[in-house]
Amino acid sequence: RNCDWSSDVCSSDLFFEKNNWIFGYGLNYIFASNVENSKMEQTVVGANFNEKGKRTDSLMKTKAEISQYVLVEIKKSDTELLEDKPYRSGCWQPSSDLSGAVIQIQKTAFEFIKNSTNISDKIKNQKGDFTGEEIYKIKPKTYVVCGNLKSLANNEDKIKCFEMYRNSLSYPEIIIYDELFE
């Protein structure tokens, strides 16, 4: 629970690579895993002469008879959730890092779907052989993992404002590091 995310033992990259089940377990009860045993971080939209590419911190799939893609943006555990000062009395707005992460994963998912000619991918293994698995690209689930609840502690207005913001989003779901450990 009291992991120092700056250490090698608890680095978020290694932690999530070894515990990728976290992005499915208990989150709407949809279990997720890596796509064809690949690394989590993947380029999902390729760059060309006229457009920038898009990379996601974690490209996963739901584990079901009909699988769907899951895209995850992972920020640091010390990412601020809210701005330093209230916007108005008692009104705390999301930090630029949090709102930036939200739009980043939304844009990545949008480009991921937009640039696809098919509604699904037939998956190949590392040798190039089809595995028989098909993963759909119909509005993939998206998550942002960032921050900690320490920054909201002892301030009811901050807690309310953060939860109202988070609960108003359906795409992506925001998950706080503290919540993962609980």
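From (1) farther than 17 Å from Y171 by Cα; (2) in a strand (DSSP E or B); (3) open to solvent by 50 Å² or more (accessible area, probe 1.4 Å), pick out the condition that doesn't hold for Q126.
Failing condition for Q126: (2).
Since T117 meets every condition but one in (1) in contact with a strand residue (DSSP E or B) (Cβ under 8 Å, 6 or more places away or on another chain); (2) among the polar types (S, T, N, Q); (3) more than 30 Å from C161 (Cα to Cα), which condition does it not meet?
The single condition T117 does not satisfy is (1).
Could you tell me whether I159 is under 20 Å from E111 (Cα atoms), modelled with pLDDT of 90 or more and β-branched (V, I, T)?
Numbers: under 20 Å from E111 (Cα atoms): no; modelled with pLDDT of 90 or more: yes; β-branched (V, I, T): yes.
Judged against the criteria, I159 is not a match.
Checking the condition under 30 Å from L81 (Cα atoms) and surrounded by 18 or more Cβ atoms within 10 Å (Cβ to Cβ), which residue from K150, K160, K141 passes? Outline the logic, then answer.
Working: K150 fails: surrounded by 18 or more Cβ atoms within 10 Å (Cβ to Cβ); K160 fails: surrounded by 18 or more Cβ atoms within 10 Å (Cβ to Cβ).
After applying the criteria, what remains is K141.
Going by what's in this entry, would T131 be described as touching a helix residue (DSSP H, G or I) at 6+ places or on another chain (Cβ under 6 Å), of a type in the set (S, T, Y) and touching a residue at least 12 places away in the same chain (Cβ under 8 Å)?
On the way: touching a helix residue (DSSP H, G or I) at 6+ places or on another chain (Cβ under 6 Å): no; of a type in the set (S, T, Y): yes; touching a residue at least 12 places away in the same chain (Cβ under 8 Å): yes.
Against the criterion (touching a helix residue (DSSP H, G or I) at 6+ places or on another chain (Cβ under 6 Å), of a type in the set (S, T, Y) and touching a residue at least 12 places away in the same chain (Cβ under 8 Å)), T131 does not qualify.
Restricting to region 70-103, and then to whatever is in a helix (DSSP H, G or I), touching a residue at least 40 places away in the same chain (Cβ under 8 Å) and not small (G, A, S), can you tell me which residue is most open to solvent (accessible area, probe 1.4 Å)? Show your work before the answer.
Applying the first criterion (in a helix (DSSP H, G or I)) to region 70-103 yields 96-103.
Okay, now just the ones that are also touching a residue at least 40 places away in the same chain (Cβ under 8 Å), so 97-98, 101-102.
Okay, now just the ones that are also not small (G, A, S), so 97-98, 102.
Numbers: D97: 92, L98: 1, V102: 7 Å².
Here the answer is D97.
Checking T117 against (1) over 18 Å from K54 (Cβ atoms); (2) of a type in the set (V, I, T); (3) modelled with pLDDT under 90; (4) open to solvent by 30 Å² or more (accessible area, probe 1.4 Å), which test does it fail?
(1)
Within region 156-176, which residues are out of contact with any strand residue (DSSP E or B) (no Cβ under 7 Å at 6 or more places or on another chain) and touching a residue at least 60 places away in the same chain (Cβ under 8 Å)? Before you say what the answer is, go through the steps one by one.
Going through region 156-176, the residues out of contact with any strand residue (DSSP E or B) (no Cβ under 7 Å at 6 or more places or on another chain) turn out to be 156-157, 159-160, 163-164, 167-170, 176.
The answer is D157, L169, I176.
So, in region 163-182, of the ones that are aliphatic (A, V, I, L, M) and open to solvent by 30 Å² or more (accessible area, probe 1.4 Å), which residue ends up nearest to M60 (Cα to Cα)?
The first filter runs over region 163-182 and keeps only residues aliphatic (A, V, I, L, M), leaving 164, 169, 174-176, 180.
With the extra rule that they be open to solvent by 30 Å² or more (accessible area, probe 1.4 Å), the set shrinks to 164, 169, 180.
Values: M164: 28, L169: 21, L180: 18 Å.
Result: L180.
The values are calculated or read from the model by the stated rules, or taken from the named source; none is laboratory data. Not measured: the values here are computed from a predicted model. When we count neighbours, we look across all protein chains shown, and the Cβ atoms used for this are built from the backbone with ideal geometry, even at glycine. Just so you know, the surface numbers come from the protein's heavy atoms only, side chains and all, with ligands and any DNA or RNA stripped out. Shrake-Rupley method; radii C 1.70, N 1.55, O 1.52, S 1.80 Å.
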